[in-house]
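Quick notes on the structure that follows.
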Amino acid sequence: MSEPEVNTNEEKKGTSDFVEDGKNKMVIKCKYCLSKILEKKTAVYVEQEKELPLMFQGIDRKQGEIKKEMLNEYYHVDNMYIFENIGFTHQVDNYKYLTCADCEAGPVGYYDLDSKHSYIALSRIEHS
Amino acid sequence: MAKKTYDLLFKLLLIGDSGVGKTCILYRFSDNHFTTTFISTIGIDFKIKTVELRGKKIKLQIWDTAGQERFHTITTSYYRGAMGIMLVYDITNEKTFDDIVKWLRNIDEHANEDVEKMILGNKCDMEEKRVVSKERGEAISREHGIRFMETSAKANVNIERAFSELAEAILDKAAGRDADPDHARIAVERRPSRAPPARACCS
């Protein structure tokens, strides 16, 4: 497996700016409409390899194909009512995908129906 | 135990015929909307929104029927635990207004009897296509003793206000149940000065 070095470096730099005591140092907002998703220090930073469907699937894909990317930085939220504003999609396999509650941009993360825990991808949101 | 980040949690439902704009009511129209094909294909099940009312942080869990209404399969399980219901019709479609009575019966049959209701006449930005007058909306709401508002999800008229008022009504009811009449009365009296002036849509 070859790592995309530039991205990794950027993410590493970002993490120290955004994470304090293992939690999100800043308010987490939607990248597109700035709707508030999480208050400061309400989610735990975790590193895990997990695929998420792309926000923009493009028009060149085959019918039924879902383009995904591997992401490894997430915020873990163990109770859905910790979210300020968030949308849950219908179930796909054992997940519900998470979206901005206002503009519905997404997925910004996923909700695991087994554990009932939610994960927000750092690269899909805005820190402010 | 994790610190609780809110004071109250209200479960709300959106009900009404297909095409009245229930899904749009849950969606903030702006220049920045980004509903992607992936999300719109799967569809939204419910949303959590946070509002502040009288110094209390309230989480609203808002459910959309997501097309179940087409098959008349809205049953007890959907209504379970609901504390508030937004009953929506389309001011440009007579049938959706006529069906309000049918939906009210469905609610009576399946929902908790003290569920707080509000009727919304949606799409009030489409004045040129209007077939249901505001007066008729007001009349049916008065008849059933239910709050009423005309809204436009598209022009963002009265949407937030509708959710706040429904949440306030549930809050009032909860306050009343707590056998604290003084508190409830003060709360009700405070409302007019706190509510933003109604926007002059659809009049």
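Straight-line reach from B:Lys57: which aspartates and glutamates have Cα under 17 Å away, leaving out those fewer than 8 places along the same chain?
A:Glu39, A:Glu84, B:Asp7, B:Glu160, B:Glu165, B:Glu168, B:Asp172
What trypsin sites (Lys or Arg not before Pro) in segment A:45-128 are in a loop by DSSP, with at most 15 other Cβ atoms within 10 Å of the Cβ?
Counting only loop positions with at most 15 other Cβ atoms within 10 Å, the trypsin sites (Lys or Arg not before Pro) in segment A:45-128 are A:Arg61, A:Lys62, A:Lys67, A:Lys116.
Between rounded, prolate and oblate, where does segment A:72-128 land on the alpha carbon gyration tensor, with a ≥ b ≥ c its root eigenvalues, rounded for a/c under 1.5, else prolate if a/b exceeds b/c?
Cα axes put segment A:72-128 in the rounded bin.
How shielded is A:100-113 by partner chains, expressed as the average number of their Cβ atoms within 10 Å of its Cβ atoms?
Mean inter-chain Cβ contacts per residue within 10 Å come to 5.
Let me have the 222 nm mean residue ellipticity of chain A computed from DSSP H runs of 4+ only, each contributing -39500 (n - 2.57), with the sum over all residues rounded to the nearest 500.
It comes out at -3500 deg cm²/dmol, rounded to the nearest 500.
Under 30 Å Cα-Cα from B:Lys134, which lysines qualify once same-chain neighbours fewer than 8 residues away are excluded?
Candidates past the 8-residue exclusion: B:Lys11, B:Lys22, B:Lys47, B:Lys49, B:Lys95, B:Lys102, B:Lys117, B:Lys123, B:Lys154, B:Lys173.
Which value, in square angstrom to the nearest 100, describes the accessible area buried between chains A and B on both sides, using a 1.4 angstrom probe?
Rounded to the nearest hundred, the buried surface is 2800 Å².
Run a plain Debye calculation on segment B:72-132 (Cα atoms as equal point scatterers, no solvent) and give log10 I(q)/I(0) at q = 0.17 Å⁻¹, rounded to two decimals, same order as the q list.
Values returned for q = 0.17 Å⁻¹ are -0.61.
Which whole number in µm²/s is D for chain A by Stokes-Einstein, with the Kirkwood Rh taken over Cα pairs at 4 °C and 1.567 mPa s?
86 µm²/s
Averaged across the residues of B:169-177, what count of C-beta atoms belonging to other chains lies within 10 Å of each residue's C-beta?
0
Considering amide H positions built from the backbone, and no H for Pro or chain starts, which residues 5 or more places from A:Ala43, or on another chain, come under 5 Å of its amide H?
Those qualifying (amide H under 5 Å, at least 5 residues apart or on another chain) are A:Asn24.
Where a ≥ b ≥ c are the square roots of the eigenvalues of the C-alpha gyration tensor, would you call segment B:109-149 rounded, which needs a/c under 1.5, or, failing that, prolate if a/b is larger than b/c, or oblate?
Judged from the Cα gyration tensor, segment B:109-149 comes out prolate (a/c at least 1.5, a/b above b/c).
Sorted by mean Cβ packing within 10 Å, highest first, what order do the peptides A:39-45, B:145-151 take?
Final packing ranking: B:145-151, A:39-45.
Need one value for A:28-39: mean number of C-beta atoms belonging to other chains within 10 Å of its residues' C-beta atoms.
For this peptide, the per-residue mean of nearby foreign Cβ atoms is 2.
Between their Cα atoms, which of A:Lys67/A:Lys96; A:Lys50/B:Lys59; A:Lys68/A:Lys96; A:Lys36/B:Lys4 are more than 20 Å away from each other?
A:Lys50/B:Lys59
The values are calculated or read from the model by the stated rules, or taken from the named source; none is laboratory data. No experiment lies behind these values; they were computed from the predicted model shown. For neighbour counting, all protein chains shown are included, and Cβ atoms are generated from backbone atoms with ideal geometry for every residue, glycine included. With ligands, DNA and RNA removed, areas are computed over all heavy atoms of the protein, side chains included. Shrake-Rupley method; radii C 1.70, N 1.55, O 1.52, S 1.80 Å.
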